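Each remark here refers to the structure printed beneath this line.
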């Protein structure tokens with residue numbers, strides 16, 4: 001298969017992913033997500049319960065890369081109940097979820113390399129301004145999963161992985177732990193349907209639940225003497241949410 005043929009296949013698939021669906025009987029009420037499995041084993045088990053929870057109010061269409069088909073437990077994915085995206089005419093998805101992001105795909109997208117279906121699809125969603133939510137377990141050197149597999153990782157290599165994740169976040173990707181995929185997906189979808197917290201009234205109490213309900217990278221204004229729980233501060237840092245007093249950031 002020549003490079004021109006591969007590029008044409010990729011172009012057609014991306015066009016199908018981003019084309020608007022023909023909707024009959026009124027507008028689609030439930031958001032839709034393309035669930036793109038790449039070949040990272042780390043975080044796989046943790047990603048399945050959040051996907052099952054999302055099934056309640058998000059239409060999920062799953063597709064696996066060749067490496068994912070070799071490495072992951074496909075029957076476990078099938079058991080979640082998602083529709084298969086392979087070989088069918090795809091609707092316009094509102095976002096892409098990557099439950100098992102690999103170092104390889106993360107580095108390609110962060111470096112602007114689009115030489116495979118996964119890197120092209122993720123880049124297309126980012127460049128189109130559509131949400132990308134990818135689990136960081138297989139890439140983050142500070143995650144318990146990664147540290148468990150590579151306890152003696154050289155500092156330079158760990159720094160490279162952190163830089164890759166930082167680049168993806170600067171492009172607009174959300175990178176939660178696999179176990180929290182559903183929280184970030186709901187937040188990103190909610191951010192499209194509601195204004196950010198920047199214009200909301202100041203809060204006197206901020207909890208972790210407050211942070212989960214806020215859009216990533218938004219600002220929560222605090223009333224004088226506001227109480228902020230420790231878990232809320234940690235969650236705000238993870239989601240790049242600013243806790244601001246009248247004088248500035250908290």
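The values are calculated or read from the model by the stated rules, or taken from the named source; none is laboratory data. Predicted model only: the values in this text are computed from it and were never measured. With ideal geometry, Cβ positions are generated from the backbone for all residues, glycine too; neighbour counts draw on all protein chains shown.
Restricting attention to segment 88-125, the residues that are farther than 21 Å from residue 51 by Cα and in contact with a strand residue (DSSP E or B) (Cβ under 7 Å, 6 or more places away or on another chain) total 0. Considered as a group, the residues in segment 28-40 that are farther than 18 Å from residue 176 by Cβ and out of contact with any helix residue (DSSP H, G or I) (no Cβ under 6 Å at 6 or more places or on another chain) include one that is surrounded by the fewest Cβ atoms within 10 Å (Cβ to Cβ), and that residue is 29.
Answer yes if at least one residue in segment 97-108 is touching a helix residue (DSSP H, G or I) at 6+ places or on another chain (Cβ under 7 Å) and free of Cβ contacts under 8 Å to residues at least 12 places away in the same chain, and no otherwise. For segment 97-108, residues touching a helix residue (DSSP H, G or I) at 6+ places or on another chain (Cβ under 7 Å) and free of Cβ contacts under 8 Å to residues at least 12 places away in the same chain: present. Got a sec? Which of 232, 236 is outside the structural domain of residue 80 (by TED's automatic domain parsing), buried (at least 20 other Cβ atoms within 10 Å of the Cβ), modelled with pLDDT of 80 or more and closer than 21 Å to residue 132 by Cα? Being outside the structural domain of residue 80 (by TED's automatic domain parsing), buried (at least 20 other Cβ atoms within 10 Å of the Cβ), modelled with pLDDT of 80 or more and closer than 21 Å to residue 132 by Cα holds for just one of 232, 236, which is 236.
Residues in segment 31-56 that are under 23 Å from residue 124 (Cα atoms) and not in a helix (DSSP H, G or I): 10 in all. Any residue at all in segment 153-173 that's over 16 Å from the mean Cα position of the chain (by Cα), at pLDDT 95 or above and part of a loop (DSSP other than H, G, I, E, B)? Yes: one or more hits.
Within segment 146-161, the set of residues being over 20 Å from residue 110 (Cβ atoms) and either loosely packed, with under 14 Cβ neighbours inside 10 Å or touching a residue at least 40 places away in the same chain (Cβ under 8 Å) (or both) comprises 148, 149, 151, 152.
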